[in-house]
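Report on the following structure.
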Amino acid sequence: MKLFFIFLAVLLLVPFPIKIKFKLINKKLYLFIYSFRIDISKNIKKYNAETIKNKKAFRKTSIIELLHKFDKNPMKPYNYFSINMDYGFEDAAFTGLFYGMIYNTYPWIYKFLSIFLNVKKYNFSVKPHFNKSFFNLEINSIFLLNIVNVICIIILILSVHFSIKKADID
């Protein structure tokens, strides 16, 4: 019985890593969780205007409130994040312009990740290849997650959900 409580305490407090990798190769998107490969390209649904109109719309205030609560949350999971991009276009000038536009997104991606996660290591690598036409994108991420983080995130989401329901009733 004591061994069970020790194991439970370790499980609650010690984070365990979750390794996730996205790869975009030849217009196919793959998801790797540890070493299991999942082809996401065939599972993506195509939406038309009618299906989007039938969906229940979110309120902007609820999304902003949820983002604000996540940003101020001290119990975020830790993350090690790496983006590697190899690309090229037939026109060298267009490749250079695209290089500048991609590097301008670097701080925006970091800020977006830091809303939901404590980013410990962030690597952003872009390699342009002039006069070649191809695009490869690889996103590696390791989440350090424990049960306390999961419970805290669930409480945040439920608090926003119930505040929205309360506002809808009033």
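The values are calculated or read from the model by the stated rules, or taken from the named source; none is laboratory data. Keep in mind that what you see is a predicted model, and the values were worked out from it rather than measured. Because the Cβ atoms are built from the backbone with ideal geometry, glycine has one as well, and the counts that use them run over all protein chains shown. Please note that ligands, DNA and RNA were not included when accessible areas were found on the heavy atoms of the full protein model with its side chains. Shrake-Rupley method; radii C 1.70, N 1.55, O 1.52, S 1.80 Å.
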Problem - The lone exception for residue 26 - which of (1) over 17 Å from residue 78 (Cα atoms); (2) surrounded by 10 or more Cβ atoms within 10 Å (Cβ to Cβ); (3) at pLDDT 70 or above; (4) out of contact with any Asp or Glu (no Cβ under 9 Å at 6 or more places or on another chain) it fails - result: (2)
Fill in the blank from the handout: Restricted to the stretch 143-170 and to residues being more than 30 Å from residue 34 (Cα to Cα) and of a type in the set (A, V, I, L, M, F, W, C), the residue modelled with the lowest pLDDT is 169
Handout entry: Counted residues, the stretch 151-166 - those being in contact (Cβ under 8 Å) with a residue 60 or more places away in the chain and charged (D, E, K, R)
Key = 0
Practice task
Assess whether residue 119 counts as being surrounded by 11 or more Cβ atoms within 10 Å (Cβ to Cβ), over 29 Å from residue 146 (Cβ atoms) and hydrophobic (A, V, I, L, M, F, W, C).
Solution key: no
Problem - Any hit, the stretch 130-142, residues being outside any strand (DSSP E or B), among the hydrophobic types (A, V, I, L, M, F, W, C), within 23 Å of residue 33 (Cβ to Cβ) and open to solvent by 40 Å² or more (accessible area, probe 1.4 Å) - result: no
Practice task
Kindly indicate which of 151, 157 is under 27 Å from residue 7 (Cα atoms) and assigned to a helix (DSSP H, G or I).
Solution key: 151
Exercise for the section: Tell me, yes or no, whether the stretch 129-142 has at least one residue that is of a type in the set (D, E, K, R) and more than 24 Å from residue 25 (Cβ to Cβ). Expected result: no
